[in-house]
Amino acid sequence: MTTTILQVEDDPNDVYLFQHAMKKAGFTSPIQVASDGKQAIEYLDGKGKFADRKSFPLPGLVLLDLKLPYVMGLDVLKWIRQQPGVATVVVVLTASAQESDIASAYRLGANGYLIKPAEADKLQDMARAIKDFWLTQNTPPPEVPAERPAAFHPHRGDLPASHPAPINGQPFETYPTDKHSFI
């Protein structure tokens with residue numbers, strides 16, 4: 001199976017080192033690169049120079065840096081999770097170990113958060129782990145049709161008025177009426 005990775009990274013040295021580590025880990029599928037947040041959104045949206053999906057296929061995995069030009073990584077992540085036709089695995093791969101960045105990334109829907117190691121051998125270990133888990137063992141989300149009913153987007157708050165509000169992001173047919181049922 002061929003799984004394209006979209007590496008969203010503005011530092012060319014980090015791009016080179018990661019791609020080299022992935023080759024050493026035995027990953028042979030394409031790694032596309034977006035050098036800023038705006039370009040990542042255009043790639044995922046299939047706009048402009050990325051309109052040809054044969055040359056720029058939707059990735060099975062997005063590796064997303066946080067500190068990016070034009071559109072920051074957390075804003076890219078937020079955009080991805082708001083798109084009805086983009087159900088891809090997003091793993092933050094960044095130098096930031098700030099708890100606020102980690103919490104924000106998970107709150108916005110990151111599937112994982114990895115801190116870039118400074119040592120080449122640790123980067124190779126991380127690349128091997130990414131290949132083994134996210135690209136080999138993990139079952140990715142199914143392809144999602146571009147148009148879905150609003151009920152599939154409880155996290156965006158666009159449920160029809162006749163539909164009950166979601167609890168913990170999950171729509172329910174009925175809710176408990178006892179006020180202590182939520183405790």
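The values are calculated or read from the model by the stated rules, or taken from the named source; none is laboratory data. Please read all numbers here as calculations on a predicted model, not as lab measurements. Every residue, glycine as well, gets a Cβ built from its backbone with ideal geometry; the counts of neighbours run over all protein chains shown.
So which of Ile130, Ile102, Ile115, Ile80 is touching a residue at least 60 places away in the same chain (Cβ under 8 Å) and among the β-branched types (Val, Ile, Thr)?
After ruling out the rest, the residue left standing is Ile130.
Please tell me if Glu173 is touching a Pro at 6+ places or on another chain (Cβ under 9 Å) and either closer than 30 Å to Gln7 by Cβ or modelled with pLDDT of 80 or more (or both). First the steps, then the outcome.
On the way: touching a Pro at 6+ places or on another chain (Cβ under 9 Å): yes; either closer than 30 Å to Gln7 by Cβ or modelled with pLDDT of 80 or more (or both): no.
No: the conditions fail for Glu173.
One residue is enough: does segment 92-101 have a residue meeting the conditions in contact with a strand residue (DSSP E or B) (Cβ under 8 Å, 6 or more places away or on another chain) and charged (D, E, K, R)?
Among the residues of segment 92-101, at least one is in contact with a strand residue (DSSP E or B) (Cβ under 8 Å, 6 or more places away or on another chain) and charged (D, E, K, R), which makes the answer yes.
Which numbered condition trips up Val15, out of (1) β-branched (Val, Ile, Thr); (2) surrounded by 19 or more Cβ atoms within 10 Å (Cβ to Cβ); (3) free of Cβ contacts under 8 Å to residues at least 40 places away in the same chain?
For Val15, the failing item is (2).
Could you identify the single residue in Pro164, Pro117, Pro160, Pro140 that is in a loop (DSSP other than H, G, I, E, B), over 26 Å from Asp75 (Cβ atoms) and either in contact with a helix residue (DSSP H, G or I) (Cβ under 9 Å, 6 or more places away or on another chain) or at pLDDT 70 or above (or both)?
Pro160
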